[in-house]
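**Student:** Sharing a structure with you now.
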Amino acid sequence: MAPIRHLTASAYLFARFGPSSWRMCVIKHPRHGGYLAPGGHVREEQDEPPLDAALRETLEASGYRPRLLPVPLPDGYPHPGVIGPWWTVDIAAGPDGRADVRHLHRDHIYVGVVPLPYEPQGRSELPVRWVDRAELEVLDTPADTRILGDHLLGTIVNAVRPSTPPVPDEDLAAELLRRQELDQEARLLPKASRTTPETKERWRTIDRDNRTWQEQLLATRWWPGISEVGERVGAAAWLIVQHADTEPDFQLRCRDLLAEAVLAGEADPRHGALLQDRVRVARHRPQVFGTQLLSDEAGELVSAPIWEADQVDLRRLEVGLEPLADYLRSCRQAAG
């Protein structure tokens, strides 16, 4: 008699925590007790595709809606890859809510990335952890999860690189530098000069013009990456957005584009952290990295509210920022 076989789908999710640290998302399984990649049964009675099941189960279990990656192809292959399972395997399963005897799960294994691991899209139904290779090695998890997770943690950096590598664009780099100089023109004036009506209007005009130009630039392309304009000029692209506070929706979109560039190694994680905090504070949410400051009742610069503040220095260290106390001290001295 043929074995009972149910279709399942799972997703191995990865995020970059800083310049070179990758972690994998695992959820604590309610029946097995240990940690697994998010996944579950395909709703075959509803003709649900395995890809849809992987996304649904992942969002329900972990709170994340990942960007799934296409199946890898050899270098030089002339056709674009499509999103599909990287592997399909048969896994022996004990009795569960769908079968009262031992059976098989034909699992469709997808691989995805989460550009903003501190920004889940939903509420997780299960405990969630992000683990690196050392933590995965000792984690209470089945051998198959450990083997695939370890393999993918060693190769994910290549999987997220652009399929068509960016080429240097000297014209774009020069324009970004020109606009950065304009951005700093008013901001670097002596404090007394920055408060005149003429300077304030000049400041607003520069910010509005820079924002309009960059909005048009990004309407048809991704973020200007390090390979294209260099690391120093990449800072100019970030600075323009950081000063576009009058357009919060534009900042939000740029946060996502910049996060994808950080994920691909094409932007500075510190810039991603600063913009992520800027967007959160603008929406009256606690910031993640403690980069956004305000004045207290005594007029002293302090951090805007921080999510899980006792862990903020660990998060700052991940992305290459100095400890919060040092950052506050430097900002207060500069403002003084």
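**Student:** Can you give the Rg to Rh ratio for the chain, taking only C-alpha atoms and Rh from Kirkwood?
**Tutor:** 1.04
**Student:** If you place +1 on the Cβ of every Lys and Arg, -1 on the Cβ of every Asp and Glu, and leave all else neutral, what size is the dipole of region 5-159 about its Cα centre, to the nearest 20 Debye?
**Tutor:** The dipole of region 5-159 has a size of about 260 debye.
**Student:** Follow-up question, since we're still on this one. For region 69-202, what does the convex hull of the Cα positions come to per residue, in cubic angstrom? It would help to have the intermediate numbers written out before the result.
**Tutor:** Details: hull volume 33.8 nm³, N = 134.
Considering the Cα atoms of region 69-202, their hull volume per residue is 252 Å³.
**Student:** Turning to a different aspect of this structure: List the pair-distance distribution P(r) of region 197-302, using every Cα-Cα distance, as the percent of pairs falling in each 5 Å bin from 0 up to the bin containing the longest distance, rounded to whole percents.
**Tutor:** Using 5 Å bins, I get a P(r) of 2, 12, 20, 22, 19, 14, 7, 3, 1, 0 for region 197-302.
**Student:** If you don't mind, there's one more thing I want to ask. Give me the distance between the Cα centres of region 212-229 and region 1-42, rounded to whole Å.
**Tutor:** If we compute the Cα centre of each part, the gap is 35 Å.
**Student:** State, as an integer percentage, the relative contact order of region 167-285 based on alpha-carbon contacts under 8 Å between residues 6 or more apart.
**Tutor:** That works out to 27 percent.
**Student:** How large is the helix-only mean residue ellipticity at 222 nm for the chain, computed as the sum of -39500 (n - 2.57) over DSSP H runs with n ≥ 4, divided by its residue count, in deg cm²/dmol to the nearest 500?
**Tutor:** -13500 deg cm²/dmol
**Student:** If you average 1/r over all unlike Cα pairs in region 287-336 and invert the result, what Kirkwood radius do you get in angstrom?
**Tutor:** Every distinct Cα pair counted, the radius reaches 11.2 Å.
**Student:** When the chain is treated as a GNM, springs tying every alpha-carbon pair under 10 Å, which of 12, 77, 110 comes out with the largest mean-square fluctuation?
**Tutor:** 77
**Student:** Would you mind counting up the charge near residue 333? Only other residues with Cβ under 15 Å from its Cβ, with Lys and Arg at +1 and Asp and Glu at -1.
**Tutor:** That works out to 0.
**Student:** Which order results if 151, 41, 271 are arranged by neighbouring Cβ count within 10 Å, fewest first?
**Tutor:** The most exposed by this proxy come first: 151, 41, 271.
**Student:** Can you give the alpha-carbon Rg of region 122-178 over 2.2 N^0.38 Å, where N counts its residues?
**Tutor:** 1.88
**Student:** For a distance above 23 Å, tell me the whole-number percent of Cα pairs in region 5-159 that qualify.
**Tutor:** That tail contains 35 percent of the Cα-Cα pairs.
**Student:** Taking only C-alpha pairs under 8 Å that are 6+ residues apart, what is the relative contact order of the chain in percent? Spell out each step's value before the answer.
**Tutor:** Values: 520 pairs, mean separation 51.5, N = 336.
Once divided by the residue count of the chain, the mean separation gives 15 percent.
All of the numbers you see were taken from the coordinates with simple rules; none came from a lab. These numbers come from a predicted model, not from an experiment. Here the Cβ is made from the backbone with ideal geometry for all residues, glycine too, and neighbour counts use every protein chain on show.
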